[in-house]
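Accompanying notes for the structure given below.
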Amino acid sequence: MKKIKIAGVPEHFNLPWHLAIEDGAFENRGIDLDWTEVPEGTGRMCTMLRDGETDIAIILTEGIVKDIVAGNPSKIVQVFVQSPLYWGIHVAANSSNKKVADLKDKKAAISRYGSGSHLMAVVNANNNGWSYKNLEFEVVNNVDGAIEALNNGTADYFMWEHFTTKPLVDKGIFRRVDDCPTPWPCFVIAVTDKLLEKSPSLVNHILEVINTYTEDFKDIPSIDRMLANRYEQKVEDIQEWLSITRWSQENITPIMVKNIQEQLERLAIIEKTLPYSKIVTKV
């Protein structure tokens, strides 16, 4: 058995991985796929890829593109979720901020710099015509840190995936003032250059297995109830999420990588762009 370390957020998008692991689908290929939950999100996973703490990450597209441009020795090998991520823009339930316009010049809570919550706060500012260069941020590590920051006033708003945070909205901890969808596929599969050079066939086996699971994922009987139970969501919310979520079995296209880099460069998130072959590879 070849042990491969993989990391992802503890969210409903990643259930296909857990089902495949539980079914022994990777073991049948001689692979011990060791999953690590990373509630801190993409910024933390970028560090894990750099430091060799993980071989593979299921990671936000904009975050890993930014980090590869900054020197992360990894490549994107496939899109995992093709549809956009809907970032809820949240304030404390008792906040005086009632709409997105009220958040201009206010401080955003982010899990860490380079995370989706950071990058999408910049995208959201640009979408609203605000000066994104003067944005202020409060690093909170995870959702629990954001709850604390919004309630004690050290930050004013927090952007996180709509459905993951909806239970907090339902409980009256957060109030969502709007959504900001990503203008690109939301999750990709990133692999370290070290693993790609050493064992490309293993990576190919992993992709073959997970693609089998994502192709038929929505057809699993009672998948909505399974997701709702595992992730403590309402069934109707999961059904809405399933209706707008599309998994992928293909790699990210050159035009999409070009568009992402151009947007990140225009927003001063990256200082240069790289050729497609430096960011994406085929196995």
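Looking across Lys272, Lys234, Lys282, one residue alone is under 23 Å from Ile189 (Cβ atoms), among the basic types (Lys, Arg) and modelled with pLDDT of 95 or more. It is Lys282. Does at least one position in the stretch 24-42 carry a residue that is among the charged types (D, E, K, R), more than 30 Å from Asp216 (Cβ to Cβ), under 15 Å from the mean Cα position of the chain (by Cα) and at pLDDT below 95? Within the stretch 24-42, one or more residues are among the charged types (D, E, K, R), more than 30 Å from Asp216 (Cβ to Cβ), under 15 Å from the mean Cα position of the chain (by Cα) and at pLDDT below 95. Could you list, in sequence order, all residues of the stretch 54-81 that are of a type in the set (D, E, K, R) and part of a strand (DSSP E or B)? Across the stretch 54-81, the qualifying residue is only Lys75. Comparison of Ile76, Ile59, Ile31 shows that the only residue that is buried (at least 23 other Cβ atoms within 10 Å of the Cβ) and either hydrophobic (A, V, I, L, M, F, W, C) or closer than 22 Å to Leu202 by Cβ (or both) is Ile59. In the stretch 94-113 there is no residue that is modelled with pLDDT under 95, open to solvent by less than 10 Å² (accessible area, probe 1.4 Å) and outside any loop (DSSP other than H, G, I, E, B). Residues that are open to solvent by less than 30 Å² (accessible area, probe 1.4 Å), in a strand (DSSP E or B), farther than 30 Å from Ser96 by Cα and not β-branched (Val, Ile, Thr) are absent from the stretch 169-186 altogether. Candidates are the residues of the stretch 81-98 that are hydroxyl-bearing (Ser, Thr, Tyr) and in contact (Cβ under 8 Å) with a residue 40 or more places away in the chain; the one that is farthest from Val188 (Cα to Cα) is Ser95.
The values are calculated or read from the model by the stated rules, or taken from the named source; none is laboratory data. Quick caveat, the model's predicted, so the values are computed rather than measured. With ideal geometry, Cβ positions are generated from the backbone for all residues, glycine too; neighbour counts draw on all protein chains shown. These area figures cover heavy atoms from the full protein model, side chains too; ligands, DNA and RNA do not enter into them. Shrake-Rupley method; radii C 1.70, N 1.55, O 1.52, S 1.80 Å.
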